[in-house]
Amino acid sequence: DEKWDFVLVSDIHEMGSEKESKRKRFLDELSKKGFTIKKIEDRKLFYGVRAPQHIFRKYQCLLGKPDSKLQNHSAPQDIPVTTRIRIVHHILQNTLTPDFEKLRDLIKKKVFEAAFPLHEKEEVREFLKEKWARWRGVFSPQPIEKIRCYFGEKVALYFAWLGWYTCLLGVAALAGVVTFVAGITLFSSSQVSREICQANTTIMCPLCDQKCPFWVLSDTCTYAKVTHMIDNEATVVFAIFMAIWATVFLELWKRQRATVVNGWDLYGWDEEEEELAMELINNLQHKPRLYQHSYFRSTIVLLLVLLMIVVLIGIAHALVIYRVIATALFTQSSLELLREQADTMAVMTGAVLHYITIVVMTKVNRRVALFLCNLEKPRTFSQQESNFTIKIFTFQFFTNFSSLIYIAFFLGRINGRPGHYVRIAGRWRLEECHPSGCITDLFIQMAIIMLLKQTISNVMEYLIPWVAHKMRKKHKRPKKRSMMLGEEEEPEDPCKRQWLSNYELNEVNIFSLFNEFLEMVIQYSFTTIFVAAFPLAPLLAFFNNLFEIHLDAIKMVRLHRRMVPRKANDIGIWLQVLEAVGILAVIGNGLVIAITSDFIPMQVYKYMYSPCARENRSDVDCSTGYINHSLSIFHIRDFEPYTDVPEMLVGFDRNETKVCRYRDYRTADDYTYTVQFWHIFAARLAFLILFEHVALCVKLIAAWYIPDVPQSVKNNILTGKHSDLCKELSTMEYSTEV
């Protein structure tokens with residue numbers, strides 16, 4: 001059975017055409033390098049290429065047999081298939097035609113349509129197909145060693161990382177469920193919720209300028225209960241737990257990675273040396289590209305990145321404006337349900353709109369990040385990948401989180417007060433928080449985005465390649481000729497069927513694995529940064545990942561062409577990105593508890609203004625009277641002329657009721673901030689500083705306490721070095737004796 005390293009596909013061009021001559025020149029260059037080329041004609045032209053053995057012997061000489069652990073023991077001289085493919089791919093990509101064109105340029109000019117390594121019918125692939133790339137294998141352990149033998153180290157490390165992350169997510173998910181259940185037990189027992197539910201004489205100021213009635217605080221009883229289900233003491237503990245979890249996860253991953261990579265003999269592998277060896281194998285006259293740095297170019301790129309971030313924040317502002325206008329329109333609707341639930345409906349439709357902007361902007365961000373990468377002129381592919389990773393992650397972070405940041409930290413804090421509202425275009429007033437806090441809005445937004453991202457995105461991620469594969473199969477199969485009487489059928493080349501079936505699979509690009517990493521790191525950000533507002537995030541992520549592992553496996557083994565295996569001994573720049581997310585998680589959760597949550601105002605009330613503090617009583621709940629204390633008084637006569645003052649509620653006398661209440665700490669006469677406001681402000685600040693310092697100290701202690709490299713790996717490397725030196729000495733002594 002003939003083995004071919006790569007297949008090039010081309011349209012059938014006219015004899016003597018420019019494309020045909022370009023193709024011939026490229027194939028001639030490969031022949032000069034000793035490549036064997038086989039041509040098969042169908043609806044397209046297929047060229048199988050096989051590299052000569054001397055190329056691989058050069059590689060083994062230059063790098064001292066780096067793949068000893070991957071070699072097939074029955075054939076000691078053989079080089080692993082993954083390394084063969086990688087070397088041949090490098091030579092194909094860097095072979096210059098006499099017109100100074102590379103394969104990349106020829107594909108752009110439609111001389112060639114595709115170039116890909118083949119999925120072989122080998123034992124490893126059959127094993128992966130049967131045991132790993134199937135839905136029924138969801139709970140079985142991953143065959144990392146087999147993945148490495150077939151797809152290379154980079155893919156194997158991705159799956160090792162994803163498996164490890166999912167495993168530890170189970171712990172975080174359990175803690176999240178416990179926190180959520182603790183919240184449900186408080187559903188009706190919270191003193192604050194009880195006060196809101198009994199406040200049927202507290203008249204609240206209208207929520208909009210026209211057609212909005214006065215309303216009674218007790219109308220929002222259920223909403224208050226839901227808020228206190230999320231916003232309680234357990235959430236604070238959970239937020240600290242998640243900050244520690246993020247650190248422990250990364251530290252344990254570093255140990256896991258060291259163990260895995262040491263087992264592959266790649267712990268001290270040098271990427272730069274590998275790249276130089278590949279270049280020299282391809283071209284002996286190759287001169288290395290030297291390191292360069294241009295401050296001018298870096299400044300331009302930095303300014304363009306900042307400009308893009310401003311655009312993304314502008315999109316978040318547009319979403320805010322949408323919600324403001326939507327609330328105003330919903331409150332004027334003829335449907336009673338829409339009128340009553342105007343705020344919630346605006347938040348929910350806003351969240352769906354936010355999801356759509358995420359989908360659209362992801363495509364835009366990718367183009368911009370690639371353009372900026374090309375401006376920087378990176379020296380190597382791995383450097384380009386690192387630069388691209390940082391840019392795309394930054395853009396995706398702002399795309400995904402700017403709207404959440406607004407809801408968490410600005411909603412209801414910059415909207416003014418009755419009689420003096422902040423307005424958009426002098427007309428629509430900004431949204432307000434519910435009297436029981438803004439955290440439920442954040443909860444709804446997080447829940448909708450995470451559910452949509454994980455359901456729709458995963459379904460599309462599987463369906464699009466599956467449908468595309470079926471369509472290609474249907475179109476590309478040549479129709480069988482009807483046999484003439486007495487005509488004998490020509491025997492079909494055995495390679496033809498294999499090459500065709502590989503061509504019908506979906507194409508992969510250099511960023512295929514990158515996309516999977518990006519998706520997971522954004523999910524990791526959702527799971528850690530605002531987890532205080534949405535304790536179920538780790539649970540959703542956990543279930544998503546169980547499917548994600550097998551979804552990616554099915555795509556790689558069954559639906560996509562074979563990836564070019566890449567060598568790696570870690571997950572690259574992603575580790576720094578994950579560490580940055582860990583620090584952002586501490587800051588984010590600290591801010592959610594200090595600013596978004598009602599935890600601090602309630603503690604200040606309990607210890608300074610409550611019956612417990614004033615009268616030293618122990619027979620009452622210390623949060624009794626908190627709601628009345630947190631609402632300010634507004635005189636109805638002070639409404640702006642623009643406001644259409646509604647009719648008084650049934651059962652209340654207009655002449656007697658001169659005031660309405662709103663959520664703030666202001667005086668009743670001149671509406672300036674009260675002393676309580678400054679007490680709470682100081683307490684929020686103090687808590688934030690304390691929380692972040694404690695959490696960061698705990699992170700540092702955890703990072704110090706858990707060594708990055710297990711002792712067994714260190715000892716293994718030590719004994720390896722020792723035995724190598726002993727061998728050198730004995731060889732030297734033997735040669736001097738002789």
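The values are calculated or read from the model by the stated rules, or taken from the named source; none is laboratory data. No experiment lies behind these values; they were computed from the predicted model shown. Cβ coordinates were reconstructed from backbone atoms using ideal geometry, including for glycine residues, and neighbour counts include every protein chain displayed. Protein only, heavy atoms only, side chains kept; ligands, DNA and RNA dropped before computing areas. Shrake-Rupley method; radii C 1.70, N 1.55, O 1.52, S 1.80 Å.
Quick notes on this structure:
- Hull volume per residue, based on the alpha-carbon atoms of region 157-300 and their convex hull, is 264 Å³.
- Residue-wise HN-Hα coupling along region 343-353, computed from phi with Karplus coefficients 6.51, -1.76, 1.60 (Hz; x: Gly, Pro): 4, 4, 5, 5, 5, 5, 5, x, 5, 5, 4
- Heavy atoms of the protein chains alone define the surface here; on that basis region 611-738 has 69 Å² accessible area per residue at 1.4 Å probe size.
- Per residue value of the accessible surface for region 6-118 (all protein chains in place, 1.4 Å probe), Å²: 49 Å²
- Annotation for region 692-738 versus region 140-197: alpha-carbon center distance of 33 Å.
- Directionally averaged projected area (convex hull, Cα atoms, region 621-680), nm²: 5.9 nm²
- Average 1/r across all pairs of distinct alpha carbons in the chain, invert it, and you get the Kirkwood radius: 30.3 Å.
- Inter-site label distance for GLU113 and HIS293 at 7 Å from Cα along Cβ, in nm: 4.7 nm
- Degrees, to the nearest 10: 295-331 long Cα axis against longest axis of the chain: 40 degrees
- For LYS102, the solvent-accessible surface computed with a 1.4 Å probe is close to 60 Å², ligands and nucleic acids excluded.
- The chain: angle of helix 53-63 to the longest principal axis, Cα-based, in degrees nearest 10: 60 degrees
- Of the trypsin sites (Lys or Arg not before Pro) in region 543-628, the ones in a loop by DSSP (not H, G, I, E or B) with at most 15 other beta carbons within 10 Å are ARG617.
- Scanning residues 5 or more positions from ALA114 or on other chains, those with amide H under 5 Å from its amide H are VAL9, with H placed 1.01 Å from N in the peptide plane.
- P(r) histogram, all alpha-carbon pairs of region 1-47 included - 10 Å bins from 0, percent: 24, 55, 20, 1
- The chain: angle of helix 512-529 to the longest principal axis, Cα-based, in degrees nearest 10: 20 degrees
- Cβ-based charge dipole, the chain, positive-most Cα from TYR223, GLY48, GLN396: GLY48
- Once you divide the Cα radius of gyration of region 206-260 by 2.2 N^0.38 Å, the number left is 2.20.
- The dipole here belongs to the chain: it is taken about the Cα centre, uses +1 on the Cβ of Lys and Arg and -1 on the Cβ of Asp and Glu, and is about 1860 debye.
- Computed accessible area, ARG297, all protein chains, 1.4 angstrom probe, square angstrom: 90 Å²
- The stretch between ASP670 and ILE587 holds 26.3 nm of extra length on full extension. This uses 0.36 nm per residue minus the Cα-Cα distance.
- From phi via Karplus (6.51, -1.76, 1.60), per-residue ³J(HN,Hα) for region 95-110 in Hz, x at Gly/Pro: 7, 9, 7, x, 8, 6, 10, 9, 4, 4, 5, 5, 5, 4, 8, 6
- As a calculated quantity, the FRET efficiency between ARG25 and HIS54 at R0 = 25 Å, using C-beta atoms, amounts to about 0.60.
- Intensity falloff of region 6-118 expressed as log10 I(q)/I(0), Debye formula with alpha-carbon point scatterers, at q = 0.10, 0.18, 0.19, 0.24 Å⁻¹: -0.34, -0.91, -0.98, -1.39
- GluC sites (Glu not before Pro) restricted to region 629-738 and DSSP loop, no more than 16 other C-beta within 10 Å: GLU647, GLU656
- Extension reserve of the LEU280-THR719 stretch, reckoned as 0.36 nm per residue once the Cα distance is removed: 154.8 nm
- Proximity of backbone amide H atoms, modeled 1.01 Å from N, is registered between GLY416 and VAL422 at under 5 Å, excluding neighbours fewer than 5 places apart on the same chain.
- Heavy-atom SASA rank of LEU27, LEU725, LEU370 (probe 1.4 Å, accessible area, largest first): LEU725, LEU370, LEU27
- Here each label is just a point 7 Å from Cα along the line to Cβ, and for LYS102 and THR736 those points are 4.9 nm apart.
- Beta bridges per DSSP, both residues in the chain: antiparallel share near 95 percent.
- Size descriptors for region 490-628: radius of gyration and Dmax over Cα atoms are 27.0, 102 Å.
- Taking the 1.4 Å solvent-accessible surface of the chain as the whole, the part contributed by carbon and sulfur is 62%.
- Relative contact order [Cα under 8 Å, 6+ residues apart], the chain, whole percent: 21 percent
- Its Cα gyration tensor gives region 118-229 an equivalent ellipsoid. The semi-axes, each the square root of 5 times an eigenvalue, are 57, 18, 11 Å from largest down.
- Shape annotation for region 327-444: C-alpha extents along the principal axes are 61, 29, 28 Å, from largest to smallest.
- Overall dimensions of region 577-687 as given by Cα atoms, namely Rg and Dmax in Å: 19.0, 62
- Relative contact order (percent, whole number), region 601-689, Cα cutoff 8 Å, 6+ residue spacing: 26 percent
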